[in-house]
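The values are calculated or read from the model by the stated rules, or taken from the named source; none is laboratory data. In this text the structure is predicted, and so the values were computed from the model without any measurement. Cβ coordinates were reconstructed from backbone atoms using ideal geometry, including for glycine residues, and neighbour counts include every protein chain displayed. With ligands, DNA and RNA removed, areas are computed over all heavy atoms of the protein, side chains included. Shrake-Rupley method; radii C 1.70, N 1.55, O 1.52, S 1.80 Å.
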Amino acid sequence: MHELTIILTDAERDELNDLADAQGRTPEELVHDAVQHHLRVQSERLAALAGRLARQHAGLLRRLGE
């Protein structure tokens with residue numbers, strides 16, 4: 001596992017602490033979950049875009065493969 005440092009404003013840190021406290025979790029757990037969610041959403045978005053591009057340019061891709 002690797003460590004990552006992020007810089008938050010005082011207001012962001014306070015809000016994160018309040019939310020973590022309300023959920024009975026640590027701020028680090030909330031941030032980790034948020035990063036995982038963001039990576040999953042962006043990966044799905046990229047996969048969908050790649051699929052659309054592949055379909056749109058199927059003929060060209062086929063010719064390039066010959």
**Prompt:** Are there any helices (runs of 4 or more DSSP H) wholly within the chain with 1 or more residues that are at pLDDT below 95, open to solvent by less than 70 Å² (accessible area, probe 1.4 Å) and among the aliphatic types (A, V, I, L, M), and if so which?
**Reply:** 27-56, 58-64
**Prompt:** So which pairs qualify, if the first residue must be in the range 1-24 and under 16 Å from VAL35 (Cα atoms), the second must be among the hydrophobic types (A, V, I, L, M, F, W, C) and assigned to a loop (DSSP other than H, G, I, E, B), the Cβ gap must be under 7 Å, and the two must be at least 6 apart or on different chains?
**Reply:** LEU16/LEU8
